[in-house]
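To start, the structure itself, in structure tokens.
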Amino acid sequence: MTHYLVTGGSGFIGAALVNRLVRDGHKVRVLDDNSRGHTGRLADVLDHVEFITGDIRDAEAVNRAVRGVDGVLHLAAVNGTKHFYEKPEVVLDVGVRGMLNVLDACRANNVGDLVVASSSEAYQTPPMVPTPEDIPLVVPDVLNARYSYGGSKLISELLAVNWGRTGFDRVAIFRPHNVYGPDMGWEHVVPEFVRRAVSAIDLAPRGPVPFPIQGDGTQTRAFVHIDDAIDGIMTVTEKGEHLGIYHIGNPEEVTIAELARQVVAALGREADVLAGPPAPGGTARRSPDIARLRALGYEPRIPLAQGLPGVVEWYAARTRSAAAAAE
């Protein structure tokens, strides 16, 4: 049994990781302010978890949370594209100040094992696809608020690696790629597509469902189901090397237009995908090379066609419930 602190442990990925750690027999402490997460995600294990309510930007709160644990899994961040544009200062503050606080607290409390969540956003538009871990990390335009999140992750990687050179037994970094699943929040492409699909279906009871998207739909992403993502994070936690960086994802690539069609199909209809203006700062193609993680024994098990329908129905049910309550 290992005693872990999970920062951001009531968030989407963090809570799934906490549930897995408890099921695997570990002792778990969580630090989160629930500003974007909620303890309902931990309902099955909350009695077995020490939950500390605190802000990752509060150095003293982080120091108290780190004290006495064996390892830290640092996931606290402000994710969601909407937030990148609307509150970039907060995104950067949480990302950078939080990373510094965790590193300082680990050193102060002699906690030598640290695993850090980064993101595929740290490299933005990759020079090759599938994309390995050793490509350059870039911020294409400092004036575009969208890059606040990717910039915070780039800085976090630099801090983790360079602080990690001394005073740590191991610092490992993982970059999740488009994790999806139930209760991930609404600021992501899958939930947003579901919400729009439900509304479009209500307006078009027969025939193909008009479904406008940003761009021409040829942009690609590679989505990984939350269960597979947690398998990947656990693989890094258990086997990742010191100063190792690992992509976590499923390299199965899908166009945004095809994703829209699959979302509408999961609701029993056919989509008429309509191109629109592209989002500023968007990336044309993204899919991870996971050879480094595969070498540690990881393999994704849930293809998009298998994992997406249940997630679509989860969000569709809540969309309809919210609409009914508003009437």
**Study point:** Given (1) modelled with pLDDT of 95 or more; (2) in contact with a helix residue (DSSP H, G or I) (Cβ under 9 Å, 6 or more places away or on another chain), index of the condition Asn110 fails
**Key:** (2)
Study note, to complete from the structure: When restricted to Val62, Val49, Val69, the only residue out of contact with any Lys or Arg (no Cβ under 9 Å at 6 or more places or on another chain), within 25 Å of Val179 (Cβ to Cβ) and at pLDDT 95 or above is Val62
Study note, to complete from the structure: Of Ile173, Ile233, the only residue that is of a type in the set (Val, Ile, Thr), within 30 Å of Val102 (Cα to Cα) and assigned to a strand (DSSP E or B) is Ile173
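So is Phe84 outside any loop (DSSP other than H, G, I, E, B), closer than 21 Å to Asn250 by Cβ, in contact with a Phe, Trp or Tyr (Cβ under 8 Å, 6 or more places away or on another chain) and assigned by TED's automatic domain parsing to the domain that holds Ser35 or not? Lay out the reasoning, then the answer.
Working: outside any loop (DSSP other than H, G, I, E, B): yes; closer than 21 Å to Asn250 by Cβ: no; in contact with a Phe, Trp or Tyr (Cβ under 8 Å, 6 or more places away or on another chain): yes; assigned by TED's automatic domain parsing to the domain that holds Ser35: yes.
Here the answer is no, as Phe84 does not meet what is asked.
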Check your understanding: Which pairs have Cβ atoms under 6 Å, sit 6 or more apart or on different chains, and link a residue in the stretch 226-255 that is without any contact (Cβ under 8 Å) to a residue 40 or more places away in the chain to one that is surrounded by fewer than 16 Cβ atoms within 10 Å (Cβ to Cβ) and not aliphatic (A, V, I, L, M)?
Key -> Thr255/Thr218
Exercise for review: Working only within the stretch 307-322, note down all residues that are in contact (Cβ under 8 Å) with a residue 12 or more places away in the chain and of a type outside the set (Asp, Glu).
Suggested key: Gly307, Leu308, Pro309, Gly310, Val311, Val312, Trp314, Tyr315, Ala316, Thr319, Arg320
Check your understanding: Within the stretch 25-58, which residues are touching a Ser or Thr at 6+ places or on another chain (Cβ under 9 Å) and among the charged types (D, E, K, R)?
Key -> Lys27, Asp32, Asp33, Arg36, Arg41, Asp55
Review point. Taking only pairs six or more apart or across chains, which ones have beta-carbon atoms under 8 Å, a first residue in the stretch 266-294 that is assigned to a loop (DSSP other than H, G, I, E, B), and a second residue that is acidic (Asp, Glu) and surrounded by 18 or more Cβ atoms within 10 Å (Cβ to Cβ)?
Key: Asp289/Glu133
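The values are calculated or read from the model by the stated rules, or taken from the named source; none is laboratory data. Since the structure is predicted, the reported quantities are computational estimates derived from the model, not experimental observations. Note that each Cβ is placed from the backbone with ideal geometry, even for glycine, and that neighbours are counted across all protein chains shown.
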